[in-house]
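Notes follow the structure.
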Amino acid sequence: MTLIDSTMNKRMTSKQNAHPACSVAQVIQHLRPGGIETMALDLANATPDKDATCLISLEGDRHNALLHWPRLNTFDGHLTFLNKGQGWKPSLILKLYKLFKKNGVRAVHTHHIGPLLYAGIAARLANIDTIIHTEHDGWHLTAPRRRLLQKLVIRLVKPVLVADAKLVARNMEKYLGLSPDHVIYNGIDISRFCPGDRTAARQAMNLPLDKKVIGCAGRLEWVKGQDLLIDALSAMPRNIHLALAGDGSQRQALMQKAKQLGLADRIHFLGLVEDMPNFYRALDVFSLPSRAEGYPLSSLEAQACGIPTAVTDVGGARESLCPLTGTLLHPESPAHMAKALAWCCYANLRITPRDFVEECGDARRMHAAYAQLRGGI
């Protein structure tokens, strides 16, 4: 399988149908809906020559990735899946080395420790000069073994180090003893995420028109804290509903919790939502109750749609929040969430958070910064 194998897995026999060599490789752990994955996909799409860009996922396979994230179909001809299993797999370094050499890769951009380890070493062996590594969070650096491994790999690979938030940069200095070369905030497409008709959006999402609706988007996993939001909802007025966009291993447990608390009629499990701008437009308030975060994109997306946003004060989440309209929530505190979110639902804000995103979270700024690091590649 080549690095940029065709969508239909057919061998290209004509020069007209063959893909050009891959100049830029974005390497990530897995391809499923999430902030890091969305950022990598956006960067790949924004490269001047999209056909010369590819996405490499260490884990997973094409069929399941496309099934669970339809957005990948627009980039399918440039996706490679290595189907990595659990544990240390040194053979992946050789496989990546061969892929890089065969396809003429000139720049490698890694996201998180796994891709840095495998793709970073492979890139050095392939004599690739431009290696960029973006650190997306700092909480994993508290684990001594991971911290030691990352320090060793960084010294070996010597990538251009980027932090996606100031807090991440501080954690790198604290735990790794290394200062990133750059802090580049993640950004979103503000032309896609923009205000719209709330009534039409609610009708499209099958949400009640006469209720206050708090929304949350993300994988249904313990770390994302949707269980805390459900607990908080039980202490809010009955006129307030909750809409959850996303799927994950905790879906059934969360639905059972909602039933046990008598909230089943007030919580709307929407599953994987493709039209995220419309989801945000349907809301009165967007909330991110995470137990751990890097620099989240969902809060930027919601605010770009003009929706007041509340996030737990973890990781770099507060840096993604408009200081004039945003609300910080106490982590692991449903009682505080209930009071703060109920206030947000009825607050009459005269300032739109979109102005903040236009200034600080525009993806075009992010694209330009990374393009400069790649030296025009």
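Bear in mind these aren't lab numbers, they're just calculated from the coordinates by the rules spelled out. On a predicted model such as this, the values are computed, not experimentally measured, just so you know.
Okay, here's what the table says:
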{"quantity": "Taking the convex hull of Cα positions in the range 324-377, its mean projected area over all directions (nm²)", "calculated": "5.7"}
{"quantity": "Reach of LYS174 by Cα under 17 Å, taken over lysines that are not fewer than 8 positions away in the same chain", "calculated": "LYS151, LYS166"}
{"quantity": "Spherically averaged projected area in nm², based on the convex hull that wraps the Cα atoms of the range 155-286", "calculated": "10.9"}
{"quantity": "Exceeding the 27 Å Cα-Cα cut-off - candidates LYS212/LYS259; LYS101/LYS224; LYS212/LYS257", "calculated": "LYS101/LYS224"}
{"quantity": "Gained length - ASN73 relative to GLU173, 0.36 nm times residue gap less alpha-carbon distance", "calculated": "32.1 nm"}
{"quantity": "Candidate values (i) 21.2, 65; (ii) 20.0, 63; (iii) 22.2, 73, label of the one derived for Rg and Dmax of the Cα atoms in Å", "calculated": "(i)"}
{"quantity": "GNM top mover of GLY248, GLY218, GLY187 - the chain, alpha-carbon springs below 10 Å", "calculated": "GLY248"}
{"quantity": "Rounded D (µm²/s) - the range 267-317, Kirkwood Rh over Cα pairs, Stokes-Einstein at 20 °C, 1.002 mPa s", "calculated": "185"}
{"quantity": "Percent breakdown of C-alpha pair distances by 10 Å bin, ordered from the shortest bin, for the range 202-271", "calculated": "21, 58, 21, 0"}
{"quantity": "All lysines inside 19 Å of LYS211 as judged from Cα atoms, apart from same-chain residues fewer than 8 positions distant", "calculated": "LYS339"}
{"quantity": "Whole-Å semi-axes of the ellipsoid equivalent to the range 260-377 (Cα gyration tensor, √5λ, descending)", "calculated": "28, 16, 15"}
{"quantity": "Gain on full stretching of the segment that runs from THR199 to ASN64 - 0.36 nm per residue minus C-alpha separation", "calculated": "45.2 nm"}
